[in-house]
Amino acid sequence: MSEIEHFMPLLMQREEEGALAPLLSHGRVHFLWIKHSNLYLVATTLKNANASLVYSFLYKTVEVFSEYFKELEEESIRDNFVIVYELLDELMDFGFPQTTDSKILQEYITQQGNKLETGKSRVPPTVTNAVSWRSEGIKYKKNEVFIDVIESVNLLVNANGSVLLSEIVGTIKLKVFLSGMPELRLGLNDRVLFELTGLSGSKNKSVELEDVKFHQCVRLSRFDNDRTISFIPPDGDFELMSYRLSTQVKPLIWIESVIEKFSHSRVEIMVKAKGQFKKQSVANGVEISVPVPSDADSPRFKTSVGSAKYVPEKNIVIWSIKSFPGGKEYLMRAHFGLPSVEKEEEEGRPPIGVKFEIPYFTVSGIQVRYMKIIEKSGYQALPWVRYITQSGDYQLRTS
């Protein structure tokens, strides 16, 4: 138990040496650690343990504690010592992860510690069940499933206008309000599936998914065998799967900027933004962050649409456009005074960042072809699908 006392001095020593790593060793003991706000979560092992498993467990612990205490920080640990002990007792046994699903844990570890003493501390059957993520006997008047397909676009364009990095990171999130123990099957326009079933052709647009990760409820053997995504879902919200596509994406919002300096006393920045997506689509909540010299002052703006505001603590101008239809082009001009004469910042100008969200649209062309819902009582259920494309790490460097 006293081994943990070596952790902080070791961490600080490595930090000073500039040799800090996610795994620190002291004698025969290995510390695998993560930092969350002002807390360190540290796992210790004497063995050559599976590091991926240990880190997954640490992040899962953060997730469970955050579900219970809303904010996971030093204060919430101090205020909830009893629950922390009870949760750790259920999360792990003899160094092996056990029940890590917060919805199931909340069935028998309640916020008020004293509730456990009423003789009702019977473990729910879910914990010993093959389907440990869903309780039995769930009932809804209206059976529905909401499917969100969310794609984030990561983009980096250099000063010459060449795309250096372009990828799509997608997630499929579900909100499940279904009675009983339903079996769900999700069909996507997955290229491998189309090739297996002979659907591939010019008419059927398909998408090649890479790095697919699934929620534990998905039957991986079925997916490996015939690409069927079949599962008994948890109740409520969860992320069913994520995927990546490293395809060249045409930048959805293209930015050009020109900077003019006048006799060291003022600077003028002109930014042109163009929506390079379909005319029928609209990008909402567009924010374009334009870097400005750190010694700039007395800003004046002129925009053809939206509003601009100077954020001096970040040395940027944020140009906000509520709705940006495809094919449109907008301009923003910013004038600044430059008090200092000799300050040269041409070397490392930060890139222009863009935030946006385009509903009813996926940049990859992924589609939910069907969602079959089978339950032994035979009820009819409605699946609803929504598509959203948003900016991930979206940056354009300027000349």
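The values are calculated or read from the model by the stated rules, or taken from the named source; none is laboratory data. Owing to the predicted nature of the structure, the values given are computational and were not obtained by experimental measurement. Neighbour counts run over all protein chains shown; Cβ positions are idealised from the backbone, glycine included. Just the protein is used for accessible areas: all its heavy atoms, side chains included, with ligands, DNA and RNA removed. Shrake-Rupley method; radii C 1.70, N 1.55, O 1.52, S 1.80 Å.
What the table shows:
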quantity: Condition met for THR61 (open to solvent by 50 Å² or more (accessible area, probe 1.4 Å) and of a type in the set (Val, Ile, Thr)); calculated: no
quantity: Selected residue (only one of PHE69, PHE94 is at pLDDT below 90, among the aromatic types (Phe, Trp, Tyr) and open to solvent by less than 70 Å² (accessible area, probe 1.4 Å)); calculated: PHE69
quantity: Residue match in region 319-326 (condition: over 26 Å from the mean Cα position of the chain (by Cα) and not in a strand (DSSP E or B)); calculated: no
quantity: Where a residue in region 291-303 is closer than 20 Å to LEU331 by Cβ and its partner, wherever it lies, is open to solvent by 60 Å² or more (accessible area, probe 1.4 Å), with Cβ under 6 Å and at least six apart; calculated: PRO291/PRO350; LYS302/ARG333
quantity: Any hit, region 189-196, residues being in a strand (DSSP E or B), surrounded by 15 or more Cβ atoms within 10 Å (Cβ to Cβ) and at pLDDT 95 or above; calculated: no
quantity: VAL82 of a type in the set (A, V, I, L, M) and either touching a residue at least 40 places away in the same chain (Cβ under 8 Å) or not in a helix (DSSP H, G or I) (or both); calculated: no
quantity: Unique match (being surrounded by fewer than 16 Cβ atoms within 10 Å (Cβ to Cβ), out of contact with any Asp or Glu (no Cβ under 9 Å at 6 or more places or on another chain) and among the small types (Gly, Ala, Ser)) among GLY326, GLY306, GLY378, GLY337; calculated: GLY378
quantity: Test: residue in region 198-209 that is of a type in the set (Asp, Glu) and farther than 22 Å from PHE361 by Cβ; calculated: no
quantity: Among residues of region 22-74, those that are in contact with a helix residue (DSSP H, G or I) (Cβ under 9 Å, 6 or more places away or on another chain), among the charged types (D, E, K, R) and part of a helix (DSSP H, G or I), counted; calculated: 3
